[in-house]
Amino acid sequence: MSPLLQINNLTTVIHSAAALAWPVDGLTLHIMKGETFALLGESGCGKSMTALSVMRLLPEVGEIASGSVCLHGEDLLLLPETAMRGIRGRRISMIFQEPMLSLNPVMTVAEQIGEVLQRHFSLRGAAAQKRILEILNQVGIPDAARRMSEYPFQFSGGMKQRIMIAMALAGEPELLIADEPTTALDVTIQAQVLGLMREVQQRNGMSILLITHDLAIAAETAHRVGIMYAGEIVETASRDEFFRGPAHPYSKKLLASLPRRERRRQGLPLSAIQGNVPLLSREFVGCRFADRCDHAWELCHEVAPEWITVTDGHRVRCHLFDKDMPAVIREGGFKGTKPESGTQDSGSWLKPDSQIRPAVAATETPDSCLLSVKDLKVYFPIYKGLMRSVAGYVKAVDGVSLSIQQGKTLALVGESGCGKTTVGKSILQLIPPTAGSVRYNGLELVGLERKRLREMRAQFQLIFQDPYASLNPRMRIVEIIEEGINSLNAGDDREENTAARQSGTASAERLDALLKSVGLPPEAKWRYPHEFSGGQRQRIAIARALAVHPKLIVCDEPTSALDVSVQAQILNLLKQLQDSLGLAYLFITHNISVVEYLADEVAVMYLGRIVEYGSVDEVLNNPRHPYTQALLSAVPVIELESRRHIIHLHGDLPSPANPPPGCHFHPRCPHVMPICRKTYPATSTFSSTHSARCYLYPPEQEQEQGQKQGQKQGQKQEPESTSTGVG
Amino acid sequence: MPFEPIILWTDALVYLLVTVIGVFVWHVRRSEHLLVPWRRVGHSASGMAALTILTFFMVIGLLDTVHMRPAVTNNAATEKAYSIEVLSLLDVIAAPLRTRVEKTYSAPFAAHLYAKETVELPDGGQAREFPRLKFGGAHLEDPEAQLIGDVIWRAARGGALGLFLWCLIVASLSVSLARRGRQTFLSALAGIWRGATDVPWNAICITLALMLLLSGAALALCGDYHIFGTDKVGQDVFYLSLKSIRTGLVIGTLTTLMMLPFALLLGITAGYFQGWVDDVIQYLYTTLSSIPSVLLIAAAVLMMQVYMETHPELFDTIAARADLRLLFLCIILGVTSWTGLCRLLRGETLKLREMEYIQAAHAFGVSHWRIISRHILPNVMHIVLITTVMDFSGLVLAEAVLSYVGVGVDPSMISFGTMINAARLEMAREPMVWWALLAAFSFMFALVLSANLFADAVQNAFDPRMRIAPAKVRILRRRGAKQSKAESAESLSGTGN
């Protein structure tokens, strides 16, 4: 059978300001009919450029330099633009990453889908309307007949992505290119969209080119996978074969860098890949991965490896698999470098820094409660009318209680829009809470006067999600880091301050030690943020927070803007800093796998309220609240064996301006009861640490529950695989 | 001392501005990230050509800024007295132009007046004829026959001198480039010629050649001719045009200086503090911008005029009075024109204050004013710069319009506006007097156009959204991309340096 899409030796050039870049460099792949091919890789590897090259939709500065893209044997690159327009949307469709940006806000949904029908099928009027309705029903838009005449802003993110899929399907394409279709969506919505794509594929028998950086998504949806690195594919295999035994060192590293609970249990750091994806403008001589590879030897730096077939259908570009190589070298390649890499991982920057440690080694009993938040509420008023009268409140945070112990990590998990970040900021008093109390070391922070609060600020710090927005581009690293020190020391006793000023070298040394402790060279302080990569910037942001010796750090999705390999570096760093400095983290995230690796306790948040709270094992292995159960089941997993049952949630997160009465979750809950609609359930306790708010569990039978829990705990080790299979 | 230096109010502010620009340049040269966009300005051919012309104007404006009162030789040398007349360095240099005043209108390069007059003939009779000018073409025996030849000869001589000067400049430029780039003189020269240099020296050189050619010819001619003719009272129009440059520059730059504190302070505080501060400032600028600006300016100028006329004792010279009026005009223009920039800055600050690095600063307990000065101000400076440069040409034009309406500068002050206003009536007479208007127009056009081109270059370099993709190097599809890869990368990096 001939493949549907055959890309041969495709090379794409980007004419950037400084130099030519080659985001796609000699790429060859093929996709069979009805097959899902996942193109995996970190950002900057040229995945999206490949998709745009296939569609011939490259930006103005881009150009296809050589190669061929054959759809059923017909070279798309040779077609005139008018013919190409007949193919786009008809035979090949594309879904983009950001559903909010890929729909025209001033056209109704029906009009946008109608455009496709008119262009490719000359359908108009009633016939077109009928077809639009049909397609919208196909992608699961509820009440499609009414909603088809609505504008994109009236749909939620997940619904918009469904509409994008509907538009892509309208042309009944043979090939669907999905460029990170779920990256901007929450896990529960992601599960919906991926399920929909699978369903549509089975029905229409089309092929999908799925572009993603998420290995787990590929493991769940793809038939075959291709790993892309620096503009070329380094490994292709069937899904099962790939996830059972990846061949290329890069693939192995990628899989190993995923945070998982097992690694934490074993006390191991994540295996991070050192360095970053190389710039695509540079000239490659040998293997592109050689600089970051643990197994690289001289040959790798000199000769680019050719395709080598490992088994049928599993091909890899790596000298390690070359049968002609003498076995000695291959062995040597493995053995000679492996221990070295181990020391590099734990050695260079994972070593606890002795210079920082004594400064922060505050003596507090480890069990003491560092931060306790009681019934925290943050309401944002909604103003209406000319006189700005308050018409209502957005209840971003609606009664959250939590506590963090010294040196421990509490993970706050929830979908976007549930108020996680607001909790973090109002704990730090960056957003004034409406009600409730925040006690830090027993001191009430709410309502503390500005001056006293400022003195306290050194104790708790913040790390942000986007390392590109969190550093002032006009300041050098040294100024960025010193800003906090200066501003917080300003109020301290003068003598110490002047003494510190006089011994400028001492403070400079401290700065160097600080940079070293986050794995950056001291010379970095003289540079500006734009000279660093995303991971390095996040290290700088961590150094800035550490500079004032905090005891509590609120991490607001610190790794979600980073690639998997870099994420592993940062998570390792955070963990190592916690071990050496005794930091407590409030870790705000939507990524369950990070929680598993890092957290001690987990609080699951839904629409401004915490629905379940407990230690990481309790919550992740034995989720009680229906929302937690659904959330955990929706997380894609790599393990091929665990065919888990996904609890599909219907609909989206309601607006916090108008939350549903009673239990906020009841409109989406599969176990909803009449009482859920009326009053908010009280806390049901399962163990001393584990609690949830749901009517499914009687609130008053604490003792009984405790006994049951004890039994449960005893059983827990064996039925783990049967319980939920997450992690 | 043969003169007494005088520093008028606007002079002081111009000196201040020059110092500020000097400090700014020094500061920019020291920090790499500030230098990068300026380098981009330096690489724009149109921008640098415009800057060359602007430099010319600025030199004339600065010469015209150094004021003094020459000493008057009294009958007794016991007491030193200074003339009531305030002269600038430009006046001193261009003394022949200033002092050679004809009776009334004369056309460019004319040897006779523009209107017939009754003259007394040596034999006692009277005749109506075009009398000879006192200065223009006075050296000619027979103007009808000699004039054209003489003008061409002098122009050619002046032009040749200009070109010679240009050759010297280009040669010294090549020498310095060669020394810096460690190459031979000829290769540096060839580099300039081919346009292979980073800074578009060839564009600058061509502009410079044109300007030196023109100004050489003009200088050679203006000694003996009125190259732009004379106005109603016989003043040389070329001199008037030169004097107008300073007024235009002062209005364009000082107004911005007056406007910046309002715009910066109000715009940033409104965006940063929000709440009622924002409300108050928004109401203020909405109100201000809904009043017709010409009306507001006219009212303010008239009030000031009345005050000045009732207090003549405040000014010891006419120049001081005219100067103060110019300054007040700048202030009034500044006070009425800050709203646009203020609105831009408010919007940008609204965006910036949500940035995470500002929140990080809050988390460190950094004070509000420190956040504004260290985090927000440097990040909105590009907007300020772009607006300032863009506003400059608008303000020069605004001055012309206001003076034309009669609420602009003092009538004794020479400006493009007063020149146009004076020429307005002459356009209607027959035969038409066209040269005053043409001279004012062409000088103003050159100034405003070069300012606009320069502003464009600045905007392109500083505005992150305006990045223009570099000229694309076409690589033919399917033709050995791999081989050309190395070459093109090399050639690109070659031109990039």
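The values are calculated or read from the model by the stated rules, or taken from the named source; none is laboratory data. Here the structure is a predicted model, which is why all the values come from computation and not from measurement. Ideal geometry is used to build each Cβ from the backbone, glycine not excepted, and the neighbour counts take in all protein chains shown.
Side notes on the structure shown:
- Looking at B:Ala171, B:Ala156, B:Ala178, just one residue is farther than 30 Å from B:Asp198 by Cβ and among the small types (Gly, Ala, Ser), and that residue is B:Ala156.
- Taken together, B:Leu147, B:Leu90 contain a single residue that is out of contact with any strand residue (DSSP E or B) (no Cβ under 9 Å at 6 or more places or on another chain) and not assigned by TED's automatic domain parsing to the domain that holds B:Val199, which is B:Leu90.
- Any chance B:Ile372 is within 14 Å of another protein chain (Cβ to nearest Cβ), part of a helix (DSSP H, G or I) and in contact with a helix residue (DSSP H, G or I) (Cβ under 9 Å, 6 or more places away or on another chain): yes
- Every pair of residues 6+ apart whose Cβ atoms lie under 6 Å, when the first sits in the stretch B:22-33 and is under 16 Å from B:His382 (Cα atoms) and more than 12 Å from every other protein chain (Cβ to nearest Cβ) while the second is exposed (fewer than 11 other Cβ atoms within 10 Å of the Cβ) and not basic (Lys, Arg): none
- Residues in the stretch B:296-324 that are crowded, with 18+ Cβ neighbours inside 10 Å and either under 20 Å from B:Val66 (Cβ atoms) or in contact with a strand residue (DSSP E or B) (Cβ under 7 Å, 6 or more places away or on another chain) (or both): B:Ala319, B:Arg321, B:Ala322, B:Asp323, B:Leu324.
- Restricting the stretch A:1-45 to residues that are in a loop (DSSP other than H, G, I, E, B) and at the interface with another protein chain (Cβ under 10 Å from one of its Cβ atoms), the residue that is nearest to A:Met197 (Cα to Cα): A:Ser16
- In summary, B:Ala360 fulfils each of the numbered conditions (1) at pLDDT below 90; (2) surrounded by fewer than 23 Cβ atoms within 10 Å (Cβ to Cβ) with the single exception of condition (2).
- For A:Ile646, the criteria (1) surrounded by fewer than 22 Cβ atoms within 10 Å (Cβ to Cβ); (2) of a type in the set (Val, Ile, Thr); (3) in contact with a Phe, Trp or Tyr (Cβ under 9 Å, 6 or more places away or on another chain) hold in every case but one, which is (3).
- Condition check for A:Tyr229 on (1) without any contact (Cβ under 8 Å) to a residue 24 or more places away in the chain; (2) closer than 23 Å to A:Trp22 by Cβ: one failure, at (1).
- Residue in the stretch A:449-458 that is surrounded by fewer than 16 Cβ atoms within 10 Å (Cβ to Cβ), more than 11 Å from chain B (Cβ to nearest Cβ) and modelled with pLDDT under 80 present: no
- Residue among B:Val151, B:Val199 that alone is more than 25 Å from B:Thr99 (Cα to Cα) and of a type outside the set (Ser, Thr, Tyr): B:Val199
- So A:Glu618, is it of a type in the set (D, E, K, R), in the same structural domain as A:Lys408 (by TED's automatic domain parsing) and not in a strand (DSSP E or B): yes
- In the set (1) away from chain A (no Cβ under 14 Å); (2) in a loop (DSSP other than H, G, I, E, B); (3) surrounded by 21 or more Cβ atoms within 10 Å (Cβ to Cβ), B:Val366 fails one condition alone, (1).
- Residue within the stretch A:401-415 that is polar (S, T, N, Q), farther than 30 Å from B:Leu34 by Cβ and buried (at least 22 other Cβ atoms within 10 Å of the Cβ) present: yes
- Applying the criterion of being away from every other protein chain (no Cβ under 14 Å) and not in a helix (DSSP H, G or I) to the residues of the stretch A:46-69, the residue that is farthest from the chain's Cα centre (by Cα) is A:Leu57.
- Filter result for B:Leu402 (part of a helix (DSSP H, G or I), under 30 Å from B:Ser244 (Cβ atoms) and within 14 Å of another protein chain (Cβ to nearest Cβ)): no
- Pair list, Cβ < 6 Å and 6+ apart or interchain, from the stretch B:164-175 residues that are in contact (Cβ under 8 Å) with a residue 24 or more places away in the chain and within 14 Å of B:Leu213 (Cα to Cα) to residues that are of a type in the set (S, T, N, Q) and exposed (fewer than 12 other Cβ atoms within 10 Å of the Cβ): none
- Taking the criterion of being part of a helix (DSSP H, G or I) and modelled with pLDDT of 85 or more, the residues of the stretch A:163-189 that qualify are A:Ile163, A:Met164, A:Ile165, A:Ala166, A:Met167, A:Ala168, A:Leu169, A:Ala170.
- Test: residue in the stretch A:156-164 that is among the β-branched types (Val, Ile, Thr), farther than 18 Å from A:Ala38 by Cα and buried (at least 21 other Cβ atoms within 10 Å of the Cβ): yes
- Members of the stretch A:117-146 found to be among the β-branched types (Val, Ile, Thr), free of Cβ contacts under 8 Å to residues at least 60 places away in the same chain and touching a Leu at 6+ places or on another chain (Cβ under 9 Å), listed by number: A:Ile132, A:Ile135
- The stretch A:459-486, residues that are more than 7 Å from chain B (Cβ to nearest Cβ), among the aromatic types (Phe, Trp, Tyr) and buried (at least 19 other Cβ atoms within 10 Å of the Cβ): A:Phe460
- Against the list (1) assigned to a helix (DSSP H, G or I); (2) surrounded by 15 or more Cβ atoms within 10 Å (Cβ to Cβ); (3) touching a residue at least 40 places away in the same chain (Cβ under 8 Å), the condition A:Leu103 fails is (1).
- Of the residues making up the stretch B:378-396, at least one is of a type in the set (A, V, I, L, M, F, W, C) and within 10 Å of chain A (Cβ to nearest Cβ).
- Single unsatisfied condition, B:Ala196 versus (1) surrounded by 17 or more Cβ atoms within 10 Å (Cβ to Cβ); (2) outside any helix (DSSP H, G or I): (1)
- Positions within the stretch B:285-325 being in contact (Cβ under 8 Å) with a residue 60 or more places away in the chain and among the small types (Gly, Ala, Ser), in sequence order: B:Ala298, B:Ala319, B:Ala320, B:Ala322
- Flag for B:Thr207 being part of a helix (DSSP H, G or I), of a type outside the set (A, V, I, L, M, F, W, C) and within 29 Å of B:Trp38 (Cα to Cα): yes
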